[in-house]
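The structure appears below as structure tokens.
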Amino acid sequence: MKLSLKVNQASKIVLFASGSGSNALRLCQYFENNSKVQITSLFCNNANAGVIEKVKPFGIKTVIFSKVQLESGEVLEKLKNISPEMIVLAGFLLKLPGEIVSHFSRKIVNIHPSLLPKYGGKGMYGHHVHQAVKNSGDNKTGLTIHYVDQHYDSGAIIFQKSVDISPNDTPQDIAQKVLKLEHYYYASVIHALMEDLPYDW
Ligand code: GRF
């Protein structure tokens, strides 16, 4: 009889973020004591991004890379070595090359601060999104969690949540409302996806 020394390993998440990192922080806090899911690394293309300091206390390895390294296949090689179950984008603005998207098909998710397909696509990020919502006069906005494909903000939608906005809300007010929703839902939806749990809250 063969003795197996295989230990049950946690499922790995790799984060991609290059902004202030409030969602990345929330994800780190959420999974901190989870023995089944572990955030192993932060991939970041901006050495000065706020997210780097935010994840430091969690002992997560940070990998800084350039756009050239991303597009030359170097980043893909690093990802293959880690072999994550899920790649989570949280404020990452560069488009992922097709090789990464196809290698990790249905394993890369992103969060977008509007109800896609509204206010998505190239150039629609951060305050541009909330300003466009304000200009439109819409009475609601929200968040979208979706799979990443080879275009901006167009992959299959996993989860959406809306929030009411009033005519008095400034784009900053709208941004705050959406960010609050993001912090509340993103980690739970990722968790549900990884554990194959329902997430139709
Ligand atoms: C969030 O609004 C998210 O929807 C978008 O980028 C922003 C990141 O914010 N993809 P933060 O860096 O997590 O604070």
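The values are calculated or read from the model by the stated rules, or taken from the named source; none is laboratory data. Being a predicted model, the structure only gives us computed values, none of them experimental. A quick note on method: Cβ atoms are made from the backbone with ideal geometry, for glycine too, and the neighbour counts reach across all protein chains shown. These area figures cover heavy atoms from the full protein model, side chains too; ligands, DNA and RNA do not enter into them. Shrake-Rupley method; radii C 1.70, N 1.55, O 1.52, S 1.80 Å.
Taking Cα atoms only, the orientation of helix 127-136 departs from the longest principal axis of the chain by about 40 degrees.
Accessible area ranking (1.4 Å probe, heavy atoms, ligands and nucleic acids excluded), largest first, for Lys61, Lys134, Lys67: Lys61, Lys67, Lys134.
Report the gain in length on full extension from Asn33 to Glu77: 0.36 nm times residue separation, minus Cα-Cα distance, nm rounded to one decimal. Display every interim value, and only then the final one.
Numbers: separation 44, 0.36 × 44 = 15.84 nm, distance 2.85 nm.
Result: 13.0 nm gained on full extension.
Of all DSSP beta bridges confined to the chain, the antiparallel ones make up roughly 40%.
For Asp173, Asp200, write out the residues from largest to smallest accessible area, computed with a 1.4 angstrom probe and no ligands counted. Walk me through the numbers before you get to the answer.
Details: Asp173 65, Asp200 135 Å².
Accessible-area ranking of Asp173, Asp200, largest first: Asp200, Asp173.
Quick one: Debye curve from the alpha-carbon atoms of segment 44-112 only, equal weights, vacuum; give me log10 I(q)/I(0) at q = 0.14, 0.16, 0.18, 0.20 Å⁻¹ to two decimals. Log10 of I(q)/I(0), two decimals: -0.44, -0.58, -0.75, -0.94. Note on His191: accessible area is roughly 40 Å² with a 1.4 Å probe, heavy atoms of protein only.
Measuring only protein heavy atoms, the 1.4 Å probe finds Glu53 accessible over about 120 Å².
By the scheme Lys and Arg +1, Asp and Glu -1, what is the net charge of all other residues having a beta-carbon under 13 Å from that of Val178?
The answer is +1.
Taking Cα atoms only, the orientation of helix 171-195 departs from the longest principal axis of the chain by about 30 degrees.
Seen through its C-alpha gyration tensor, with square-root eigenvalues sorted a ≥ b ≥ c, segment 109-201 comes out oblate because a/c lies at 1.5 or above while a/b is not bigger than b/c. The alpha carbon centroids of segment 83-130 and segment 52-78 are separated by 16 Å.
Could you tell me which of rounded, prolate or oblate describes segment 48-87, using a ≥ b ≥ c as the square roots of the eigenvalues of the alpha-carbon gyration tensor, with rounded for a/c under 1.5 and, failing that, prolate when a/b is larger than b/c and oblate otherwise? It comes out oblate by the Cα gyration axes. Using a probe of 1.4 Å on the protein chains alone, the accessible area found for Thr40 is around 30 Å².
What's the magnitude of the charge dipole for the chain around its Cα centre, counting Lys and Arg as +1 and Asp and Glu as -1 at the beta-carbon? Answer in Debye, nearest 20.
400
Taking square-rooted eigenvalues a ≥ b ≥ c of the alpha carbon gyration tensor, is segment 102-141 rounded, prolate or oblate, where a/c under 1.5 means rounded and, failing that, a/b exceeding b/c means prolate? Prolate is the answer for segment 102-141, as a/c is 1.5 or above and a/b outweighs b/c. Global dimensions of the chain from alpha-carbon coordinates: Rg and Dmax equal 17.4, 72 Å. Annotation: aspartates and glutamates with alpha-carbon distance below 15 angstrom to Lys36 (same-chain offsets under eight excluded): Glu85, Glu195, Asp196. Largest GNM mean-square fluctuation across Ser154, Ser105, Ser136, computed for the chain with C-alpha springs under 10 Å, falls on Ser136. Pick from Ala24, Ala132, Ala90 the residue whose mean-square fluctuation is largest in a GNM of the chain, springs joining Cα atoms under 10 Å. Of the options given, Ala132 has the highest mean-square fluctuation. Treating each Cα of segment 1-118 as one equal point scatterer and applying the Debye formula with no solvent, the log10 of I(q)/I(0) at q = 0.09, 0.19 Å⁻¹ comes out as -0.26, -1.04.
Shown are Arg26, Arg106, whose ranking by accessible area with a 1.4 Å probe and every protein chain present, most to least, is Arg106, Arg26.
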